[in-house]
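See structure below.
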Amino acid sequence: MNGSLHSSPNVVDIKLKRGSSGLGFNIVGGVDQQYVMNDNGIYVSKIKEDGAAALDGRLQEGDKILAINGVQLEDLMHRATVDLFRTAGEDVELRVLKKLPNDVNGPTGSQPESKSSVSTLEILVALAGVAAFGAFIYMRLHRKHF
C-alpha cells in the first residue's frame, strides 16, 4: 500500500464480514466507466439497508475505495473490480478515502445538475407566440369594416 495515502486522516481501513446479501453496497467507476471526471477510481454509490456496510456504519455513499484486501484498485476496469469483490472472501478489508462533507466529487455530487426539460428561451418563445396569437384575435375581432 502507498504509505502516503495511509497517513492521510481521510483514509481509513474498514473490515467487513460478508453477510447473506454480500457486503451490502454498490459501486461505480473504473477506467471504462469513469464516474468522476478525470478519475478512474471506484466509488460507493449506494449502501444497502441492513447490509454489512450499513450495520458497520463507517462506509458512506461517495467514499472512494482505494484497495480491497491490499489490492489497489487504481486503473482497473469496472468488471475487474466487481470480480475482486466477488472473490475477496468472507472477511474483506477495504482501504477507503472518506468523502469530505463539502466535497462535490463522487457519486453524490459529480453528476451534472438536472436541468428542466423546458429552457428559458423556449418559455419566452411560447409566450411570444401566445401574445402574437392574442394580438391576431384582438385585431380580427375589433377590425372595423368601412
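The values are calculated or read from the model by the stated rules, or taken from the named source; none is laboratory data. Just so you know, these numbers come straight off a predicted model, no measurement behind them. Please note: Cβ atoms are built from the backbone with ideal geometry, for glycine as well, and neighbour counts cover all protein chains shown. What goes into the accessible areas is simple: the full protein's heavy atoms, side chains included, and nothing from ligands, DNA or RNA. Shrake-Rupley method; radii C 1.70, N 1.55, O 1.52, S 1.80 Å.
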If each of Q34 and E90 carries a label point 7 Å out from its Cα toward its Cβ, how far apart are those two points in nm? 4.1 nm
Which FRET efficiency, nearest 0.05, do M77 and V125 yield, Cβ-Cβ r, R0 41 Å? 0.35
Where Y35, Y138, Y43 fall by accessible area, highest first, once all protein chains stay in place (1.4 Å): Y138, Y35, Y43
Protein chains only, probe 1.4 Å: how do R95, R18 rank by accessible area, largest first? R18, R95
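Could you calculate the contour length gain from L55 to S20, that is, 0.36 nm times the residue separation minus the distance between their Cα atoms, to one decimal place in nm?
Working: separation 35, 0.36 × 35 = 12.60 nm, distance 1.30 nm.
Length difference between fully extended and current span is 11.3 nm.
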Probe 1.4 Å, all protein chains in place: accessible area of S20 in Å², nearest 10? 140 Å²
Counting only residues 5 or more apart in sequence or on a different chain, those whose built amide H sits under 5 Å from that of L76 are V31
